[in-house]
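Some notes on the structure that comes next.
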Amino acid sequence: MRNLVIVLGDQLSEDASAFAGFDPVQDAVWMAEVDEESTHIISSKQRTTLFLSAMRHFAQDLRTKGWVLHYCEIDSEGNTGTLDGELAKTIERIQPEKLMMTAPGDWRVLQKIRELSRAMNLNLEIRDDTHFFSTVRDFSEHAATRKQLRLEFFYREMRLKNGILMDGKKPVGGAWNFDAENRESFGKKGPGILPQPSRFAPDAITKKVIELVNRRFASHPGSIATFGWPVTRLQALQALDAFIEHRLSNFGRFEDAMWEGEAWLYHSHLSCALNLKLLNPREVVAAASQAYEQGLAPLAAVEGFVRQILGWREFVRGIYWSHMPSYIERNAMKATAPLPSFYWTGQTDMACMRDAIHQTLQHGYAHHIQRLMVTGLYALLLGVSPKEVHSWYLGVYVDAVEWVELPNTLGMSQFADGGLMSSKPYIASGKYIDRMSNHCKGCRFDPAQSTGEAACPFTTLYWDYLDRHADQLAKNPRMLMQLKNLNRLTPAQREVIAIQAKSIKESVRA
Ligand SMILES: Cc1cc2nc3c(=O)[nH]c(=O)nc-3n(C[C@H](O)[C@H](O)[C@H](O)COP(=O)(O)OP(=O)(O)OC[C@H]3O[C@@H](n4cnc5c(N)ncnc54)[C@H](O)[C@@H]3O)c2cc1C
Ligand code: SF4
């Protein structure tokens, strides 16, 4: 045995760098399902089902090619429950000359495999992940030339370097960013008839996994009755085609909009396929750019979509790998409250939270604004410990892998990195949610009120947050307007808000 190629649950591509030079005669592949990956944080049933089913489908493809595959099933006898435990067993049995892998997406996993290779005195070759446009080294070079990291500058560099939506050295359409044309709400009339999302009926492999997850992880959150995520490359490609054809043209326009009971809207729902590497971001961005060139989608929509993948997705990965392992410990706002228990059930009177959490538990999905400006915002305003918020996001979403989830949660959403990711905390009162959705119409609270029986908890906590952190935030010029508005409140009003905020926090702790 020459090389043993390690394939993790989020590395399901035959084009992975670890397979370059693979020789089926001398090399073999190793994959393992282990309890630890679903229990080190509590992984929802949707998330675990997606990973296990996609792994089993990928394993089937490798076997069909005739490649030697050492696959450890989660309920096979003697499964140690850990990646390093299973890998050590396989190494002892087959004695490879070398371990080979594509760089993992999780710092914890990288350390485990490195330690094991050292302990077993076995050479480990780690290759760059080619399912990204940039390498972590590219990001470090970019960061080295800047006092402050900002998505916009990184994104422009990425556009130029990769020649995407470019007209020579200038951006196509004369602007890098079309935000002014994007981000509408659905207005009073609502979204009307929405395109159907791509959902895939479970086949025999997925059905077996669903039965396994329902049995083995019965107490884990969420349900899998509606599981329909792509679990093969073919399905992922079908989902990409359907998005380009039916939803991309409205993507930018309604990127931030929300509507009660409508989980899918005009989003792509491709993050899990991208993160499991069923899709390559290059083909996704190329498909969107082509749609623009063929006149199938407007530039504002295509640029908005490309920015998420070529910009944010690469940017957060750079942040993660340049700042781990200390990043996960950051808590710039000194937030220590526990996560309210209704995050695991959706049982709350707040209509916006109820909808976002129910949808999350039902599908393992919520779109960006639901994550940032509903569930994330509430935890931020309440002062929940960033690590607790992180565990929730990493557990409940089907697309959650630490390299992407952690900077989004800890940095963008909780401002726990003190401004490394974002120039200011994303904070707003209930009025923002009212503007972007119809949730408040059916809610017992009133987004315009900050005190009293009908006060919206977001609005109360918004003023309380500003008041509590006023000194810290005053150093940030981008916060001046919000602080100026705070100063318009009388001391008496501020005191009543503080009392009401305290009682919300106490009720959550109870
Ligand atoms: C608190 C919080 C936690 C998040 N956790 C995750 C996570 O675990 N995994 C994850 O992939 N995304 C995460 N995101 C980013 C974003 O919300 C999701 O990528 C997006 O909602 C996925 O749905 P979609 O595929 O329909 O995306 P679309 O709205 O269709 O966007 C297109 C694609 O752009 C990429 N993208 C968009 N925004 C971001 C972003 N901020 N960072 C990285 N990529 C982005 C995704 O690959 C996505 O599929 C998080 C955001 C927040 C605020
Ligand atoms: S009133 Fe407040 S809690 Fe209710 S839906 Fe609106 S923002 Fe959410």
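The values are calculated or read from the model by the stated rules, or taken from the named source; none is laboratory data. Just so we're clear, the structure is a prediction, and the values are computed from it rather than from any experiment. Backbone-built Cβ (ideal geometry, glycine too); neighbour counts: all protein chains shown.
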note = Taking segment 456-472 and the residues there that are more than 24 Å from PHE186 (Cα to Cα) and hydroxyl-bearing (Ser, Thr, Tyr), the one that is farthest from ligand 1 (Cβ to nearest atom) would be THR460
ask   = Which ones in segment 360-380 are within 15 Å of PRO221 (Cβ to Cβ) and more than 14 Å from ligand 2 (Cβ to nearest atom)?
value = THR360, LEU361, GLN362, HIS363, GLY364, TYR365, ALA366
request  = Can you work out which of the residues in segment 445-480 that are assigned to a loop (DSSP other than H, G, I, E, B) and of a type in the set (Ser, Thr, Tyr) is farthest from ligand 2 (Cβ to nearest atom)?
outcome  = THR451
query = Among the residues of segment 391-410, is there at least one that is surrounded by 24 or more Cβ atoms within 10 Å (Cβ to Cβ) and within 14 Å of ligand 2 (Cβ to nearest atom)?
reply = no
remark   = Given (1) over 30 Å from SER341 (Cβ atoms); (2) in contact with a Gly (Cβ under 9 Å, 6 or more places away or on another chain), PRO230 misses just (2)
query = Which of the residues that make up segment 145-173 are within 26 Å of the chain's Cα centre (by Cα) and either hydroxyl-bearing (Ser, Thr, Tyr) or in a helix (DSSP H, G or I) (or both)?
reply = LEU151, GLU152, PHE153, PHE154, TYR155, ARG156, GLU157, MET158, ARG159, LEU160, LYS161, ASN162
ask   = Does segment 299-317 contain at least one residue that is part of a loop (DSSP other than H, G, I, E, B), more than 12 Å from ligand 1 (Cβ to nearest atom), among the hydrophobic types (A, V, I, L, M, F, W, C) and not assigned by TED's automatic domain parsing to the domain that holds VAL109?
value = no
request  = With the condition kept exactly as written, say whether any residue in segment 431-444 is more than 16 Å from ligand 1 (Cβ to nearest atom), assigned to a loop (DSSP other than H, G, I, E, B) and surrounded by fewer than 21 Cβ atoms within 10 Å (Cβ to Cβ).
outcome  = yes
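Taking segment 325-346, which residues are within 14 Å of ligand 2 (Cβ to nearest atom) and either touching a strand residue (DSSP E or B) at 6+ places or on another chain (Cβ under 8 Å) or assigned to a loop (DSSP other than H, G, I, E, B) (or both)?
Step one: of segment 325-346, the residues within 14 Å of ligand 2 (Cβ to nearest atom) are 340, 342, 346.
Scanning segment 325-346 gives PRO340, GLY346.
Please go through segment 269-278 and pick out each residue that is assigned to a loop (DSSP other than H, G, I, E, B) and within 9 Å of ligand 1 (Cβ to nearest atom).
The first filter runs over segment 269-278 and keeps only residues assigned to a loop (DSSP other than H, G, I, E, B), leaving 269-270, 276-278.
Selection gives HIS269, LEU270.
State whether the residues of segment 405-416 include one that is at negative phi, outside the structural domain of PHE51 (by TED's automatic domain parsing), more than 10 Å from ligand 1 (Cβ to nearest atom) and of a type outside the set (Asp, Glu).
Scanning segment 405-416, I find at least one residue that is at negative phi, outside the structural domain of PHE51 (by TED's automatic domain parsing), more than 10 Å from ligand 1 (Cβ to nearest atom) and of a type outside the set (Asp, Glu), so the answer is yes.
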note = Subset of segment 242-256, residues farther than 28 Å from LEU12 by Cα and either out of contact with any Leu (no Cβ under 7 Å at 6 or more places or on another chain) or not in a loop (DSSP other than H, G, I, E, B) (or both), comes to SER249, ASN250, GLY252, ARG253, GLU255, ASP256
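Do the conditions hold for GLU115, that is, is it acidic (Asp, Glu) and either farther than 30 Å from GLY418 by Cβ or not in a helix (DSSP H, G or I) (or both)? Reasoning before the result, please.
Details: acidic (Asp, Glu): yes; either farther than 30 Å from GLY418 by Cβ or not in a helix (DSSP H, G or I) (or both): yes.
So GLU115 passes the test.
Based on this model, can you work out whether GLU453 counts as more than 16 Å from ligand 1 (Cβ to nearest atom) and closer than 24 Å to SER341 by Cα?
Against the criterion (more than 16 Å from ligand 1 (Cβ to nearest atom) and closer than 24 Å to SER341 by Cα), GLU453 qualifies.
Tell me, please, whether a residue that is of a type in the set (S, T, N, Q), touching a residue at least 24 places away in the same chain (Cβ under 8 Å) and near ligand 1 (Cβ under 9 Å from one of its atoms) can be found in segment 376-392. Quick ask: steps written out before the conclusion?
Taking segment 376-392 and keeping what is of a type in the set (S, T, N, Q), we get 385, 391.
Adding the requirement that they be touching a residue at least 24 places away in the same chain (Cβ under 8 Å) leaves 385, 391.
Narrowing the set further to residues that are near ligand 1 (Cβ under 9 Å from one of its atoms) leaves none.
No; the residues of segment 376-392 include none that is of a type in the set (S, T, N, Q), touching a residue at least 24 places away in the same chain (Cβ under 8 Å) and near ligand 1 (Cβ under 9 Å from one of its atoms).
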message = Which numbered condition in (1) near ligand 1 (Cβ under 10 Å from one of its atoms); (2) charged (D, E, K, R); (3) in contact with a Gly (Cβ under 7 Å, 6 or more places away or on another chain) is the only one that GLU260 fails?
response = (1)
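Conditions tested, residue by residue: (1) in contact (Cβ under 8 Å) with a residue 24 or more places away in the chain; (2) in a loop (DSSP other than H, G, I, E, B); (3) over 20 Å from ARG2 (Cα atoms).
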| residue | (1), (2), (3) |
| --- | --- |
| HIS57 | yes, no, yes |
| ILE74 | yes, yes, yes |
| ASN79 | yes, yes, yes |
| LEU99 | yes, no, no |
key: Single unsatisfied condition, LEU240 versus (1) more than 11 Å from ligand 1 (Cβ to nearest atom); (2) free of Cβ contacts under 8 Å to residues at least 60 places away in the same chain   = (1)
ask   = Is at least one residue of segment 381-390 part of a loop (DSSP other than H, G, I, E, B), within 16 Å of ligand 2 (Cβ to nearest atom) and either among the acidic types (Asp, Glu) or in contact with a helix residue (DSSP H, G or I) (Cβ under 6 Å, 6 or more places away or on another chain) (or both)?
value = no
task = Could you please let me know if ALA18 is farther than 30 Å from TRP344 by Cβ, in a helix (DSSP H, G or I) and of a type in the set (Gly, Ala, Ser)?
result = yes
key: Any chance GLY228 is over 20 Å from the mean Cα position of the chain (by Cα), assigned to a loop (DSSP other than H, G, I, E, B) and not aromatic (Phe, Trp, Tyr)   = no
